[in-house]
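Beneath this line is the structure, given in structure tokens, with notes to follow.
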């Protein structure tokens, strides 16, 4: 199992509504608990939650139970997630910026310095929906995207699998996670 320490996480309620974005500061794989920099002030101990953890190989989604909160930290017990959306990987609203580091189309690679900002609308265990200017990506393009929450930064690799034009001259792009070895996750 992946060590989730220092990974960003998206926390939502049982109905799928976004509650918070947080950083995992500790992951105990024996007890299946993660400790977050709090940000869950309104959540009582014992509350059932969902947590989507973003890591270098993509994202992993779990059901969770909130435990106590001390000194600005909150512990969550995590366990396997079942889809309530009728999808293998339910989408969760993210509403956060992301940053394009590289973009590869065919044999041509472009590095962005500083990274180019895009907007993540939603995320799942297999990919995310990104909003960017019309024509920025093409289907089949490979890219590296940086997700930042607080001090935590995670580099994700993937490929653009679809696009939907929006009325505001932007497009929503489907981004499918690819493992570091290049295998579609």
Q) Hey, does segment 153-171 have a residue that's in contact (Cβ under 8 Å) with a residue 24 or more places away in the chain, surrounded by fewer than 18 Cβ atoms within 10 Å (Cβ to Cβ) and part of a loop (DSSP other than H, G, I, E, B)? A) yes
Q.
Filter segment 59-111 down to the residues that are on the phi > 0 side of the Ramachandran plot and at pLDDT 80 or above and list them by number.
A. 71, 72, 95, 106
(Q) With the structure loaded, tell me whether residue 114 is in a loop (DSSP other than H, G, I, E, B) and over 24 Å from residue 62 (Cα atoms) or whether it fails that test. (A) no
(Q) Being more than 18 Å from residue 104 (Cα to Cα) and part of a strand (DSSP E or B) is the filter here; which residues of segment 132-152 pass it? (A) 147, 148, 149, 152
Q: Look through 58, 50, 140, 127 and report the one residue that is out of contact with any helix residue (DSSP H, G or I) (no Cβ under 6 Å at 6 or more places or on another chain) and loosely packed, with under 15 Cβ neighbours inside 10 Å.
A: 140
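The values are calculated or read from the model by the stated rules, or taken from the named source; none is laboratory data. Predicted model, so just to flag it, every value in this text is computed and none were measured. Using ideal geometry, Cβ is built from the backbone for each residue, glycine included, and neighbour counts are taken over all protein chains shown.
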